[in-house]
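Have a look at the structure below before the remarks.
The values are calculated or read from the model by the stated rules, or taken from the named source; none is laboratory data. The structure presented is a predicted model; accordingly, all values stated were derived computationally and were not measured. FYI the Cβ positions are ideal-geometry reconstructions off the backbone, even for glycines, and counts take in every protein chain you see. For the accessible areas, the whole protein counts, side chains as well, though only heavy atoms, and no ligand, DNA or RNA atoms are used. Shrake-Rupley method; radii C 1.70, N 1.55, O 1.52, S 1.80 Å.
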Amino acid sequence: MPKRVLDISNVAYRWPGRAGFSLTVPRLSVAEGESVLLLGESGSGKSTLLSLICGTILPDSGKVCIAATDTSLLSGGARDKFRAEQIGVIFQQFNLLPFGSVLDNILLPLRFAPARRKRAGNAAAEAAALCAALGLPEDTVATKAIALSVGQQQRVAVARALIGHPPLIIADEPTSALDANSQAAFLDLLFSQTTTHQTSLLMVSHDPRLGERFDRVIRMEDIAQIKRAAA
Ligand code: ADP
Ligand code: MG
């Protein structure tokens, strides 16, 4: 059986406060090297689920295992470090440091993750190689992120997620602001890297047309039960 990079069992979470949104996910796993597209409407809890996977929020019950480690058993600081080691995250809004250079942004996750930094070897050289692979001109490395086009910022966000080859890449609607051509180009770049390094990919979208490129497509309504408190 292939190794599982992500394994969720019987996870339940309820956001505190009046909205009272709650989510339960009986099972979800992603195998080593597998690419999975998670589809769901806006408000169906996709980003909440990704936060549970990343350990930025903790389930009320159930288990989230990353690389066979139950992340809820780690202390806060250890969990932050574990996340930086194991997961490359591409946020919907990219979340780049606006006044950091492209290189600063790409190297950021290595600061908190010694094993990942070691895997990156000569980190500046790996960052430059990623930029080249992602079609970012060499002279952009020293440019401030704020001066880049949206398409370039997205490439930086991808390079930051990929540096040091974390076993799992999580991407939250990274293509939602792009036209169809740019979407396809973005996925080409992402897949060229994840395929080479047997990286697992869990990407969230509300666009079913992206599905054919992934090993597996799952729908929020099939893997999760959601509830909202009556208004
Ligand atoms: P999706 O990513 O599928 O659009 P989200 O996971 O962002 O869905 O949100 C699902 C629901 O969770 C929201 O409608 C809201 O009720 C609740 N929610 C999300 N983020 C928060 C938060 N930070 N605090 C309180 N409730 C939240
Ligand atoms: Mg979302």
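Results, tabulated for the structure shown:
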{"read-out": "The stretch 63-137 and the stretch 183-231: distance between their alpha carbon centers, rounded to Å", "value": "20"}
{"read-out": "For the stretch 4-227: relative contact order, % (alpha-carbon pairs under 8 angstrom, 6 or more apart)", "value": "32"}
{"read-out": "Gyration tensor verdict on the stretch 83-173 (Cα atoms; rounded if a/c is under 1.5, prolate if a/b is larger than b/c, oblate otherwise)", "value": "oblate"}
{"read-out": "The stretch 199-210 - phi-based ³J(HN,Hα) in whole Hz, Karplus 6.51/-1.76/1.60, Gly and Pro as x", "value": "7, 7, 9, 10, 10, 9, 7, 10, 10, x, 5, 6"}
{"read-out": "For the stretch 97-231: relative contact order, % (alpha-carbon pairs under 8 angstrom, 6 or more apart)", "value": "25"}
{"read-out": "At R0 = 41 Å, FRET efficiency that the Cβ-Cβ distance of Arg18 and Arg219 yields, to 0.05", "value": "0.90"}
{"read-out": "Sites matching GluC sites (Glu not before Pro) across the stretch 1-67 that sit in DSSP coil, with at most 12 neighbouring C-beta atoms within 10 Å", "value": "Glu41"}
{"read-out": "Pairwise FRET efficiency - Glu32 versus Leu58, Cβ, R0 = 30 Å, nearest 0.05", "value": "0.75"}
{"read-out": "Compactness index (Cα Rg / 2.2 N^0.38 Å), the stretch 30-117", "value": "1.20"}
{"read-out": "Gaussian network model of the chain, springs between alpha carbon atoms under 10 Å - residue of Ser61, Ser205, Ser72 with greatest fluctuation", "value": "Ser61"}
{"read-out": "Packing-based ranking, highest mean first, of 82-95, 182-195 given that Cβ atoms within 10 Å are counted", "value": "82-95, 182-195"}
{"read-out": "Carbon and sulfur %, accessible surface of the chain computed with the full protein complex present, 1.4 Å", "value": "54"}
{"read-out": "Expected-Rg normalisation [2.2 N^0.38 Å, Cα atoms] applied to the chain", "value": "1.00"}
